[in-house]
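Student: For reference, the structure I am asking about is given below.
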Amino acid sequence: MEVSIICCYYNEINLLKSKLLSFIQYVQQKQLEIEIIIVDNNSNDGSTEFLKKISEEQSDGNIKFIFNDKNLGKGGSIKKACSIAKGKLACIFDIDEYLYQDLFEGIEYFKNNKVDLLVGSRILEKKMFIYKKNLYGVIALTGLINKLYNLKLTDAAGATKLFKLDLYKKTKIFTSGFNFEFELICKFAKKKFIINEYPSNYHPRTYAEGKKINPWKDGIKILLTIIRSYFI
């Protein structure tokens, strides 16, 4: 297995109905050894039932489903997926705001360059943010990471992330929320693993459409994670 694509969902019934099957079909057309790991984070809006139905209909053994008994947070769901992933390369990907094509551009970049963790940056080419506070928060947190860990990132919060699974399994990650991905960057940077970016198109949702990250509550947790990771 070359690639494990990890997709996590909590209360995303409309998104799943409109995009999941097309994403699976898109991936299955690629000439790569790929598995998709879909994690339901104990949804209560019908997402769990929808995914269970899809899982029963799927004959492809490389499409795997995990149904959490309780809400583990996005990071907790990613950890659970990584524990069963068989790919050399793990990809965290959201089908809600990102293009399928960009994910595979990242996979190609990873295959052709010396890199251990690759982030899809929404800022390298276009700043398609709906909420200014989200953009400013991303810039501030990314700047802090760059200063503390000697990196040159533009968008540490980009949700498309690709990383070597064997290196991840040697890295202790303590967090389980949205701050998981920031701790991953910080811990990889501390170990002097190679971290880079590539451009990723971004079509943001509004909170009314299902966007879940809270810029203040989650932003503070992320800030503390960045600082704590520097010392631990």
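Student: Pick out the long, greasy-scoring helices in the chain: whole DSSP H runs spanning 20 Å or more along their own axis by Cα, mean Kyte-Doolittle at least -0.5. Mind dumping the intermediate values first?
Tutor: On the way: long enough: 132-149 (25 Å, 0.41); 217-231 (22 Å, 0.63).
Membrane-span-like by this criterion, though nothing is claimed about a membrane: 132-149, 217-231.
Student: Also, I was wondering about something else. Counting only residues 5 or more places away or on other chains, whose amide H sits under 5 Å from the amide H of residue 121 once H atoms are built in the peptide plane?
Tutor: 198, 200
Student: How many angstrom lie between the Cα centre of region 191-232 and the Cα centre of region 155-187?
Tutor: Cα centroid to Cα centroid, the span is 10 Å.
Student: So, one more: What is the packing order of peptides 166-175, 115-124, taking the mean over residues of other C-beta atoms within 10 Å and listing the highest first?
Tutor: Listed from highest to lowest mean packing, they are 115-124, 166-175.
Student: Counting only protein heavy atoms, what percent of the accessible surface of region 1-99 is carbon or sulfur at a 1.4 Å probe?
Tutor: 45 percent
Student: Now a separate question. Find the Rg to Rh ratio for the chain, where Rh is the Kirkwood radius over alpha-carbon pairs and Rg uses the same atoms.
Tutor: Looking at the chain, the ratio lands at 0.93.
Student: What full-extension length gain, to one decimal in nm, is calculated for residue 227 and residue 57 as 0.36 nm per residue of separation minus the Cα-Cα distance?
Tutor: Contour length minus the Cα-Cα distance gives 56.7 nm.
Student: Under a 5 Å amide H to amide H cut-off, with H placed in plane at 1.01 Å, what residues pair with residue 178 once short-range neighbours are removed?
Tutor: 74, 75
Student: Mind listing P(r) for region 1-71? All alpha-carbon pairs, 5 Å bins, whole percents.
Tutor: Taking every Cα pair in region 1-71, the percentages come to 4, 16, 29, 27, 15, 8, 2, 0.
Student: Something else: Give me the accessible area per residue for region 1-136, probe 1.4 Å, as a whole number in Å².
Tutor: 48 Å²
Student: Farthest toward the dipole's positive end in the chain, which of 171, 76, 50, given Cβ charges of +1 (Lys, Arg) and -1 (Asp, Glu) about the Cα centre?
Tutor: So the residue we want is 171.
Student: Let me ask another. With the Cα gyration tensor of region 109-232 giving a ≥ b ≥ c as the square roots of its eigenvalues, does the rule (a/c under 1.5 for rounded; else a/b larger than b/c for prolate; else oblate) give rounded, prolate or oblate?
Tutor: oblate
Student: At 0.36 nm per residue, minus the direct Cα-Cα distance, what do residue 100 and residue 134 gain on full extension? Give it in nm, one decimal, please.
Tutor: The span from residue 100 to residue 134 would gain 9.9 nm if fully extended.
Student: Oh, and also: Would you mind getting me the FRET efficiency between residue 207 and residue 29? Use the beta-carbon distance for r and R0 = 35 Å, nearest 0.05.
Tutor: Calculated transfer efficiency: 0.55.
Student: Once a ≥ b ≥ c are taken as the square roots of the eigenvalues of the Cα gyration tensor of region 139-178, is the result rounded (a/c under 1.5), prolate (a/b larger than b/c) or oblate (a/b not larger than b/c)?
Tutor: Since a/c reaches 1.5 and a/b is larger than b/c, the shape of region 139-178 is classed as prolate.
Student: Oh, and also: Starting at 0 and stepping by 10 Å, how many percent of the alpha carbon pairs of region 48-146 end up in each bin?
Tutor: Final binned percentages: 11, 32, 37, 18, 2.
Student: A follow-up question, please. Over region 12-72, calculate the relative contact order: mean separation of alpha carbon pairs under 8 Å at least 6 apart, over the residue count, as a percent. Could the numbers behind the result be given before it?
Tutor: Values: 54 pairs, mean separation 24.3, N = 61.
So the answer I get is 40 percent.
Student: List the relative contact order of the chain as a percent without decimals, with contacts defined as Cα pairs under 8 Å and 6+ residues apart.
Tutor: 23 percent
Student: Straight distance only, please: which lysines reach the Cα of residue 152 with their own Cα at less than 18 Å, same-chain residues fewer than 8 apart left out?
Tutor: The reachable lysines, counting only those whose Cα sits under 18 Å from residue 152, are 114, 126, 127, 161, 187, 190, 191, 192.
The values are calculated or read from the model by the stated rules, or taken from the named source; none is laboratory data. Source: prediction; values computed, not measured. Here Cβ is always computed from backbone atoms with ideal geometry, including for glycine, and neighbour counts include all displayed protein chains. Note: accessible area is taken over every heavy atom of the protein model, side chains too, but ligands, DNA and RNA are not part of it. Shrake-Rupley method; radii C 1.70, N 1.55, O 1.52, S 1.80 Å.
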